[in-house]
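Enquirer: I have a structure here, written as structure tokens, and I will follow up with some questions on it.
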Amino acid sequence: MTPPDTFSASHPTLAQWGTYLTPGCIASGVQTPYALKWGDMESGGNPCAVGYPAAHGPDGNPLEMGYGQYYNPDDLRLVPGTTGAQLRAYCVPGDQHEINYRGKIIKGFSQAMTRSLTDAEMRQQSDLLLALIHRSMGHATADLLAIGAGPSWSRDTRNYWALVKLQHGLPALSREGLPAVTKYLGHPPFSFAEFRATLESGKAKISDENEKRYRADFARIFDNAQECASAFQEAGNA
């Protein structure tokens, strides 16, 4: 059995991912560095990356997997015809590998690759990431329109792109959090930082169920969104 932390094949480089992502990014108004940052943060560029190694989707493949960490099956449907088996065709098979996960040994899926990806497989992973970003953009835009957000949240700002990444981390923070913060402040928040600070302070809250379940993870989720948005180049901001 392949050791869990040893790759039998090297995952694609940042430059290789960029080659596949750039055409779609240009066509859709997503900056390539932002898309690359998303993929790198989620998987380190490894198309065999998984979330919790012991977690299974309904098809028996990982619950969360791939370059952009796609939830199985919901995110796979973003590119019709995509299956979990396809995304694991170049990964070490089996779900009983001994994995060191956050200091504990558990049995689950390996993140090791068995071979390099074909051109079609690189395109499939890249198309999935862009489709995930596009869906997140739609949700972020709808949430901002619902509170009448101002120009400080335009697509030319890191505020907007942080909110887009937040859709992947915890959509409820945007969907429930923006109206709650707006109600507390008496106006839409002027920035992602103000939005975050108000929620983290507890002055505005999301639903009791989500507060109880996710409050301890707020800082990590917000940090993730802001780090990804840092790759977005604002005009006049070097």
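Enquirer: Picking from 180, 112, 193, 172, which residue would you name as being closer than 22 Å to residue 71 by Cβ, small (Gly, Ala, Ser) and outside the structural domain of residue 52 (by TED's automatic domain parsing)?
Expert: On the way: 180 fails: closer than 22 Å to residue 71 by Cβ; 112 fails: outside the structural domain of residue 52 (by TED's automatic domain parsing); 193 fails: closer than 22 Å to residue 71 by Cβ.
Selected residue: 172, the only one of 180, 112, 193, 172 that is closer than 22 Å to residue 71 by Cβ, small (Gly, Ala, Ser) and outside the structural domain of residue 52 (by TED's automatic domain parsing).
Enquirer: Hey, another quick one. Could you say which residue among 68, 94 is in a loop (DSSP other than H, G, I, E, B) and in contact with a Leu (Cβ under 9 Å, 6 or more places away or on another chain)?
Expert: Values: 94 fails: in contact with a Leu (Cβ under 9 Å, 6 or more places away or on another chain).
Matching residue, one of 68, 94: 68.
Enquirer: Across the stretch 19-54, what is the number of residues that are over 12 Å from residue 129 (Cα atoms), assigned to a loop (DSSP other than H, G, I, E, B) and in contact (Cβ under 8 Å) with a residue 40 or more places away in the chain?
Expert: Total meeting the criteria: 8.
Enquirer: Test residue 117 against the criterion of being assigned to a loop (DSSP other than H, G, I, E, B), in contact (Cβ under 8 Å) with a residue 24 or more places away in the chain, surrounded by 21 or more Cβ atoms within 10 Å (Cβ to Cβ) and of a type outside the set (S, T, N, Q), and give yes or no.
Expert: Values: assigned to a loop (DSSP other than H, G, I, E, B): yes; in contact (Cβ under 8 Å) with a residue 24 or more places away in the chain: yes; surrounded by 21 or more Cβ atoms within 10 Å (Cβ to Cβ): yes; of a type outside the set (S, T, N, Q): yes.
Against the criterion (assigned to a loop (DSSP other than H, G, I, E, B), in contact (Cβ under 8 Å) with a residue 24 or more places away in the chain, surrounded by 21 or more Cβ atoms within 10 Å (Cβ to Cβ) and of a type outside the set (S, T, N, Q)), residue 117 qualifies.
Enquirer: Mind counting the residues in the stretch 126-150 that are in contact (Cβ under 8 Å) with a residue 24 or more places away in the chain and either in contact with a strand residue (DSSP E or B) (Cβ under 7 Å, 6 or more places away or on another chain) or of a type in the set (Ser, Thr, Tyr) (or both)?
Expert: Of all residues in the stretch 126-150, those in contact (Cβ under 8 Å) with a residue 24 or more places away in the chain come to 126-137, 139-140, 143-144, 146-150.
In the following step, the residues that additionally are either in contact with a strand residue (DSSP E or B) (Cβ under 7 Å, 6 or more places away or on another chain) or of a type in the set (Ser, Thr, Tyr) (or both) were identified as 126, 128, 132, 136.
Matching residues across the stretch 126-150 total 4.
The values are calculated or read from the model by the stated rules, or taken from the named source; none is laboratory data. All values reported here derive from a predicted model rather than from experimental measurement. Please note: Cβ atoms are built from the backbone with ideal geometry, for glycine as well, and neighbour counts cover all protein chains shown.
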